[in-house]
Amino acid sequence: MALSLFGNGRRSNVFDPFSLDIWDPFEGFSTLANIPSSARETTAIANTHIDWKETPEAHIFKADLPGIKKEEVKVEVEDGRVLQISGERSREQEDKNDKWHRVERSSGKFVRRFRLPENAKIDQVKAAMENGVLTVTVPKEVEKKPEVKAIDISG
């Protein structure tokens, strides 16, 4: 695995053919308080972090979605083998008398897409939301091991 030169220092495989992640060069900048709220909405895409691990039985995706209800999230498989996780973080109501000192939590729509490998059972995808973490489980086809039959040698 290669370490990412950009972003938050998390490990990512830049050569992963299944990843459709979009790199955001402005991710992590703390000057969002000076940006109009309409422009801040687009940062929700970059701030939705998702882990993808593969076990012998399944591909497991975990997304941190604090403050989002399960009704506000959609999990879909499109174009045959593309897992799409999307939703929307509602913007907090702004009062004219409020003075904001820092705005770091993003709002707006987010979409993350991942190309699933051939061994994914796309008709058996399951999703669950618990404590602000969305877990999507995509079972894998069981690898068929070649059948070996011993032959007795006569003579």
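Key figures for this structure:
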| item | result |
| --- | --- |
| Residues satisfying the stated conditions in segment 90-119, i.e. open to solvent by less than 90 Å² (accessible area, probe 1.4 Å) and under 15 Å from the mean Cα position of the chain (by Cα) | PHE110, VAL111, ARG112, ARG113, PHE114, LEU116 |
| Every pair of residues 6+ apart whose Cβ atoms lie under 6 Å, when the first sits in segment 100-127 and is of a type in the set (S, T, N, Q) while the second is in a loop (DSSP other than H, G, I, E, B) | SER106/ASN47; SER107/GLU41; SER107/ARG91; ASN119/GLU141 |
| Residue in segment 57-74 that is modelled with pLDDT under 85 and either within 22 Å of ALA120 (Cβ to Cβ) or surrounded by 13 or more Cβ atoms within 10 Å (Cβ to Cβ) (or both) present | no |
| Residue in segment 89-106 that is at pLDDT below 85 and of a type in the set (Phe, Trp, Tyr) present | yes |
| Single residue of GLU130, GLU72, GLU118, GLU76 found to be touching a Gly at 6+ places or on another chain (Cβ under 7 Å) and of a type in the set (Asp, Glu) | GLU72 |
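The values are calculated or read from the model by the stated rules, or taken from the named source; none is laboratory data. As the structure is a prediction and not an experimental result, all values here were calculated from the model. All Cβ positions, glycine included, derive from the backbone under ideal geometry; neighbour counts span all protein chains shown. Side chains are part of the model used for accessible areas, which takes the heavy atoms of the whole protein and leaves out ligands, DNA and RNA. Shrake-Rupley method; radii C 1.70, N 1.55, O 1.52, S 1.80 Å.
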